[in-house]
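Here is the structure we will look at.
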Amino acid sequence: MSAAEPRRAAERLNGVRGMNDVLPADEALWQRFEDAVADAMRAYGYRRIRTPIVEHTRLFVRSIGEVTDIVEKEMYSFVDALNGENLTLRPENTAGVVRATIEHNLLYDGPQRLWYAGPMFRHERPQKGRYRQFHQVGAEALGFAGPDADAEVILLCQRLWDELGLVDARLEINSLGQSDERRAHREALIAYFEANADRLDADATRRLHTNPLRILDTKNPAMQSLVEAAPRLSEFLGDESRAHFERLQALLRAQNLPYRINPRLVRGLDYYNLTVFEWVAEVGGAPLTICGGGRYDPLIAMLGGKDAPACGFALGVERVLALLREQDESAAHGAQCDVYVVHHGDATLEAAFGAAERLRDAGLDVILHCGGGSFKSQFRKADASGAQLALILGVDELARGEAALKWLRSASSEAASAPRQESVTLDRIVERVLEAMTDED
Ligand code: HAM
């Protein structure tokens, strides 16, 4: 561009629809959530695994199922321009974890308890609680056949909700039985819906012969009574499937964990057998599934591994955080630091830097005011930072070998209208701040 040419405003670029930035104001909440997740996983002996975001498309087609919504219309798939491979941004991570388990022969060392966290991608219509890039935390118990593993992953969820202080998440469970039991049920369902073909909507008609089970999941009010009276899978379960489901329920009852059997709970992925479950909560007044999972015994063999049972779950991080924000407004606001250092500028800068460094040495989080400004505007920033204390370094105080401490937000401060302030000699700053912070705990 020549110097004479007028500068044109550059076009503003926005993010991709349905893919969100997590801004710093939200970080305290995300951090609290991530800490609670790591604690809960550790408490049950789950170890973290990190798999790539991009996998071969056929991994998801084979595991999630060709006639599921995810594979039919929600995957971000592309051809690698350099080598022609068909690749997909992972829409979920059970398939990736199972792929990695097989590839690295992890089950050779016995059953594995694994967990993961990270972004997933589904091309859905964005709305509250539904995004195109969203985050999941999941746990997979691989190599365990019994209902004890099912109960364990469910208890893990409950512990996480408790640790987060999340109330009102309801547990729904169901048993999908084994494939031969589902086949018999499927035939009965097709016969039933065929006999009532005039009452099916377009979606249901399309699914009748490909995935009739999904018709049971319809949100169409006009079809509710039809679906309600349809043959139930529970009537087709054999003794072993029934015993597995009943043992799971006994284990949950013994831990006083309330649940509801939802015979219409079918899940949107094809790899499940026996136990399936979902945690549902009201978010913004509407019920939303915050977490889903179940047993997927056929999957490891379906992906080329040696036959081994497995179960697990994944929760939607954005949905859980939305619920937390709703239930506890204060949860949304975290402090950026413990101490905010206010000072007079050039004449006090060395002392301010020194005090801030010593406070950090003592393990405190400190923001040193940068950019000058009046004490009044500095205090406004100190207040907005969420700090407990402001450390004030003024020229006059420094000349006396002193600084001042001001309590910014203390329920226990003697008078909220006249915030407490006291002088402290420079050599006692760290000691006094630590005392003050302990008093506030
Ligand atoms: P899923 O039910 O497809 O299961 O997803 C799990 C959770 O991810 C949902 O309950 C929901 O909270 C969240 N979620 C799904 N789609 C979106 C979206 N578009 N926007 C925001 N949140 C979303 C699975 O993915 C299985 N892999 C779970 C599993 C693990 N089963 C066994 N092991």
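The values are calculated or read from the model by the stated rules, or taken from the named source; none is laboratory data. Remember, predicted model here, so these are calculated numbers, not experimental data. All Cβ positions, even for glycine, are placed from backbone atoms using ideal geometry, and neighbour counts span all protein chains on display. Protein only, heavy atoms only, side chains kept; ligands, DNA and RNA dropped before computing areas. Shrake-Rupley method; radii C 1.70, N 1.55, O 1.52, S 1.80 Å.
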Has the stretch 333-341 got at least one residue that is surrounded by 15 or more Cβ atoms within 10 Å (Cβ to Cβ), part of a helix (DSSP H, G or I), within 28 Å of the chain's Cα centre (by Cα) and charged (D, E, K, R)?
-> no
Mind checking whether some residue in the stretch 109-116 is at pLDDT 95 or above, buried (at least 20 other Cβ atoms within 10 Å of the Cβ) and of a type in the set (A, V, I, L, M)?
-> yes
For the stretch 38-65, what are the residues that are among the acidic types (Asp, Glu) and either without any contact (Cβ under 8 Å) to a residue 60 or more places away in the chain or within 14 Å of the ligand (Cβ to nearest atom) (or both)?
-> GLU55
Please note which helices (runs of 4 or more DSSP H) are completely contained in the stretch 176-231 and include at least 1 residues that are touching an Asp or Glu at 6+ places or on another chain (Cβ under 9 Å) and either free of Cβ contacts under 8 Å to residues at least 24 places away in the same chain or open to solvent by less than 30 Å² (accessible area, probe 1.4 Å) (or both).
-> 179-195, 224-228
Scanning the stretch 287-296 for residues that are open to solvent by 30 Å² or more (accessible area, probe 1.4 Å) and in contact (Cβ under 8 Å) with a residue 12 or more places away in the chain, which turns out nearest to the ligand (Cβ to nearest atom)?
-> THR289
Residues being within 12 Å of the ligand (Cβ to nearest atom), outside any strand (DSSP E or B) and surrounded by fewer than 22 Cβ atoms within 10 Å (Cβ to Cβ): count how many of those fall in the stretch 123-155.
-> 8
For the stretch 156-175, which residues satisfy the criterion of being within 13 Å of the ligand (Cβ to nearest atom), part of a strand (DSSP E or B) and buried (at least 19 other Cβ atoms within 10 Å of the Cβ)?
-> LEU171
In the stretch 245-286, how many are touching a strand residue (DSSP E or B) at 6+ places or on another chain (Cβ under 9 Å), of a type in the set (D, E, K, R) and within 12 Å of the ligand (Cβ to nearest atom)?
-> 2
Residue that is nearest to the ligand (Cβ to nearest atom), among those in the stretch 80-110 that are touching a helix residue (DSSP H, G or I) at 6+ places or on another chain (Cβ under 9 Å) and over 19 Å from PHE144 (Cα atoms) = GLU92
Can you tell me which residue within the stretch 66-91, out of those that are under 19 Å from GLY18 (Cβ atoms) and touching a residue at least 40 places away in the same chain (Cβ under 8 Å), is farthest from the chain's Cα centre (by Cα)?
-> LYS73
The stretch 57-68, residues that are farther than 30 Å from ARG159 by Cα and open to solvent by less than 70 Å² (accessible area, probe 1.4 Å) | THR57, LEU59, PHE60, VAL61, GLY65, VAL67, THR68
State whether the residues of the stretch 150-167 include one that is polar (S, T, N, Q) and assigned by TED's automatic domain parsing to the domain that holds LEU323.
-> yes
